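Data block below; observations after.
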Amino acid sequence: MNPELYDTLMERLFAVGAHDVFLTPIIMKKSRPAVMVSVLCDVENKKAIEEVLLLNSSTFGLRSYNVAKSMLRRENVK
């Protein structure tokens with residue numbers, strides 16, 4: 001995929017409800033360079049996210065899995 005298209009892909013993913021999108025450079029078999037696109041989203045947005053990825057990137061397959069999140073409570077103190 002042409003790297004110039006990553007920004008457009010990310011914008012479209014955020015437009016359909018992605019919470020975060022990140023790109024990771026990886027080396028595939030036979031030492032071929034690639035970029036893995038990861039998207040964090042709610043289950044309700046999964047189909048829309050998949051559609052954007054399939055129509056706006058060079059991928060022909062997706063992997064998905066559920067992720068649990070734990071976080072500390074935040075508060076603002078002056």
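Condition check ((1) at pLDDT 95 or above; (2) touching a strand residue (DSSP E or B) at 6+ places or on another chain (Cβ under 7 Å)) across all residues:
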residue	(1), (2)
Val37	yes, yes
Lys46	yes, no
Ile49	yes, yes
Phe60	no, no
Glu75	no, no
Lys78	no, no
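Pairing residues of the stretch 21-46 that are at negative phi and surrounded by 10 or more Cβ atoms within 10 Å (Cβ to Cβ) with residues that are at pLDDT 95 or above and hydroxyl-bearing (Ser, Thr, Tyr), at Cβ distances under 6 Å and at least 6 apart in sequence or on separate chains, gives Phe22/Ser38; Met36/Thr24. The set of residues in the stretch 59-76 that are surrounded by fewer than 10 Cβ atoms within 10 Å (Cβ to Cβ) and closer than 18 Å to Ala34 by Cβ comprises Phe60, Gly61, Arg63.
When the stretch 33-78 is filtered for residues that are under 20 Å from Glu11 (Cα atoms), part of a loop (DSSP other than H, G, I, E, B) and of a type in the set (D, E, K, R), only Asp42 remains.
The values are calculated or read from the model by the stated rules, or taken from the named source; none is laboratory data. Since we're looking at a predicted model, the values are computed, not measured. FYI the Cβ positions are ideal-geometry reconstructions off the backbone, even for glycines, and counts take in every protein chain you see.
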